[in-house]
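Here the structure is laid out as structure tokens; the discussion comes afterwards.
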Amino acid sequence: MAGRMQGTAGRILRRIRQFVRGITASVSAEELQQAARILPPAGLARFRQMPVDAQRHSLNVLNTLRRSGWDDRDLLAAALLHDAGKLAAAKAGLSFNAWVRTALVLMEAFTPGLAARVCVEDATGGWRYLLHVHLTHARIGARWAEADGCSPLTCWLIAHHQDKTGQADAALPSPGDPEPQRTAEERRRLLAALQWADGRN
């Protein structure tokens with residue numbers, strides 16, 4: 001029980017820090033050029049549609065990976081677009097601003113499972129649709145990344161970046177899928193790196 005409370009407190013503190021960084025976020029022209037060297041043109045356009053604080057978060061994830069020695073292009077592209085699916089809320093006139101993201105973390109910490117019970121897939125569902133996007137943005141983002149010309153591995157990493165440990169195993173691309181040169185173990189390592197960097201930011 002104490003461990004769970006410490007974990008919850010840690011998530012809340014990380015979210016508070018993210019909130020403070022979010023409301024003061026900025027992205028430089030140099031950083032946009034960096035993203036342009038990694039993403040296909042349509043993927044870069046999608047990245048630039050994201051709110052500045054979301055761009056900042058994604059760039060922080062990218063930088064964390066690079067500082068740790070990761071330079072896999074598919075992984076770096078996934079770092080930049082892993083939360084792009086949240087733009088589905090904006091298309092419905094809703095926003096994943098820093099306040100909303102903080103409230104969602106608190107909801108998950110203190111009322112686990114509530115979001116899944118009350119969310120609706122209907123884009124006219126207001127805050128309940130926002131919860132749906134929150135829970136499914138990884139799959140939404142992966143579909144968009146595919147449409148934007150990202151690699152199958154980048155799309156897979158985006159689709160599974162919120163999976164709990166081991167959940168993605170059943171969804172690993174089969175040897176007949178694109179990029180058969182990537183072993184299942186390599187894909188798992190890349191996913192673990194993305195999840196680790198996302199969790200630190």
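Observations, loosely collected:
- Between TRP99 and ARG143, the simple label model (points 7 Å from Cα in the Cβ direction) yields a spacing of 3.0 nm.
- Evaluated with a Cβ-only charge set (Lys, Arg +1; Asp, Glu -1), the stretch 36-136 carries a dipole of roughly 260 debye about its Cα centre, given to the nearest 20.
- Estimated from the Cβ-Cβ distance and a Förster radius of 35 angstrom, the FRET efficiency linking GLU185 and LEU114 is about 0.45.
Here, each number is a calculation from the coordinates, and none is a lab measurement. In this text the structure is predicted, and so the values were computed from the model without any measurement. Glycine gets a Cβ as well: all are built from the backbone with ideal geometry, and neighbour counts include every protein chain shown.
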